[in-house]
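Report on the following structure.
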Amino acid sequence: MKSKLVGLLAIVVVVLGAAGCGGSDQPSGPAGESAASSQPAAASAKAGLQKIGDMADAWNELYKQNEAAFNDYEGMPIMELVTPATTFIGSVQFDLLNLDNADGHFTGKLMLAGYPAVMDRAGSTITFGYDFKREKDGFGPLAKAGDRMVENGSLDLKQGYYKAEDFTERGGTRIARSYHEFKRLGDGSMICLVFSGQAVDVRGDAQPSDSAIYIHNGKNRYDFVVAKGANGPAFTPISFADKGDLMKAQAMELFQAAGYTIDKSGGIQGGKLALDQ
């Protein structure tokens, strides 16, 4: 568990650190056009969030407080404990379209991904996204030339509430889709919901599958639920906006009510990561 989990976390942290740093003292961002106000937005000062990278940092700092528990876990690797944060690898790149954290509309190419992207900011609200067609094959059966790739996301800096959805479309049909929500609670802990589905397996054969993940990340706390389904990209996500600030037992009930099978659940008990029996 230790080597694989720590290795993936290290990659996430390094990439987020490289792409998520903003401010006027950073190198010039990707070439693009922008229409911005002359004053940086400051509506989110109370929450301490000024950009997408700050949300990613908040999650990772909480994760690192529990790192010893993950390192000492001797069971089979639970990759779902770290994969939710990979959404930020893409989204923090949007910060580089608006290094001054100003209100306005910004366009350009994402620094690492190279996708043409847009970002809008109005006070404490950020929206971001891209919509383009892949020019050449990527890795695996879900990344072929001509595939349409779309992402749309938002971050309420004042509420500490992040949402992002992306999908891949081929011939007018969605073949892969994911949905992420992260929310910071009043005690400083954070919760997340992640839904991910695809229409084919690793060989490219038709095999709809999807998963649902819930995590409550805080000091000496990492409650989680991992569930599996067969909806493919057609899953219906659960949202904190509708269901409130869910705890583990509530998330488990909602997953089961939606037709998912609970694969595993657990958390930190006495400083140790443990699975529920």
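The values are calculated or read from the model by the stated rules, or taken from the named source; none is laboratory data. None of the values given here were measured: they were computed from a predicted structure. Quick reminder, even Gly has a Cβ in these numbers, built from the backbone with ideal geometry, and neighbours come from all protein chains shown.
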Take region 141-198 and flag every residue that is surrounded by 16 or more Cβ atoms within 10 Å (Cβ to Cβ), within 24 Å of Phe224 (Cβ to Cβ) and aliphatic (A, V, I, L, M).
-> Leu155, Ala164, Ala176, Met190, Ile191, Leu193, Val194
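Applying the selection to region 236-265, what residues are assigned to a strand (DSSP E or B) and within 26 Å of Met55 (Cα to Cα)?
So in region 236-265, the residues assigned to a strand (DSSP E or B) come out as 261-265.
Across region 236-265, the qualifying residue is only Ser265.
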Which condition number in (1) outside any helix (DSSP H, G or I); (2) touching a residue at least 60 places away in the same chain (Cβ under 8 Å) is the one that Pro233 fails?
-> (1)
Residues that are more than 26 Å from Leu155 (Cβ to Cβ) and under 21 Å from the mean Cα position of the chain (by Cα), drawn from region 235-259 = Met252
Only residues that are within 17 Å of Leu81 (Cα to Cα), assigned to a loop (DSSP other than H, G, I, E, B) and among the basic types (Lys, Arg): list them for region 186-221, please.
-> Lys219
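Tally up the residues in region 212-245 that are under 14 Å from Lys264 (Cβ atoms) and either in contact with a Leu (Cβ under 9 Å, 6 or more places away or on another chain) or among the polar types (S, T, N, Q) (or both), please. Walk me through it before giving the result.
Of all residues in region 212-245, those under 14 Å from Lys264 (Cβ atoms) come to 212-215, 222-228.
Filter once more, so that each one left must be either in contact with a Leu (Cβ under 9 Å, 6 or more places away or on another chain) or among the polar types (S, T, N, Q) (or both): 212-215, 222, 224, 226.
Qualifying residue count, region 212-245: 7.
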Evaluate region 49-62: report whether one residue or more is part of a loop (DSSP other than H, G, I, E, B) and more than 14 Å from Asp156 (Cα to Cα).
-> no
Which pairs do you get when a residue that is under 17 Å from Ile78 (Cα atoms) and modelled with pLDDT of 95 or more, found in region 256-273, comes within reach of a residue that is of a type in the set (S, T, N, Q) and in a loop (DSSP other than H, G, I, E, B), reach meaning Cβ atoms under 7 angstrom, with the pair 6+ apart or on two chains?
-> Ile268/Asn66; Ile268/Asn220
Using beta carbons and a limit of 9 Å, which pairs, at least six apart or on different chains, have the first residue in region 214-227 and acidic (Asp, Glu) and the second one surrounded by 21 or more Cβ atoms within 10 Å (Cβ to Cβ) and outside any strand (DSSP E or B)?
-> Asp223/Ala251
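Does Ser44 satisfy the criteria of being modelled with pLDDT under 95 and buried (at least 18 other Cβ atoms within 10 Å of the Cβ)?
yes
Out of all the residues in region 238-254, is one or more touching an Asp or Glu at 6+ places or on another chain (Cβ under 7 Å), among the polar types (S, T, N, Q) and either exposed (fewer than 12 other Cβ atoms within 10 Å of the Cβ) or modelled with pLDDT of 95 or more (or both)?
Of region 238-254, the ones touching an Asp or Glu at 6+ places or on another chain (Cβ under 7 Å) are 239-240, 248.
With the extra rule that they be among the polar types (S, T, N, Q), the set shrinks to 239.
Add one more test, that the residue is either exposed (fewer than 12 other Cβ atoms within 10 Å of the Cβ) or modelled with pLDDT of 95 or more (or both), and what stays is 239.
Yes: one or more hits.
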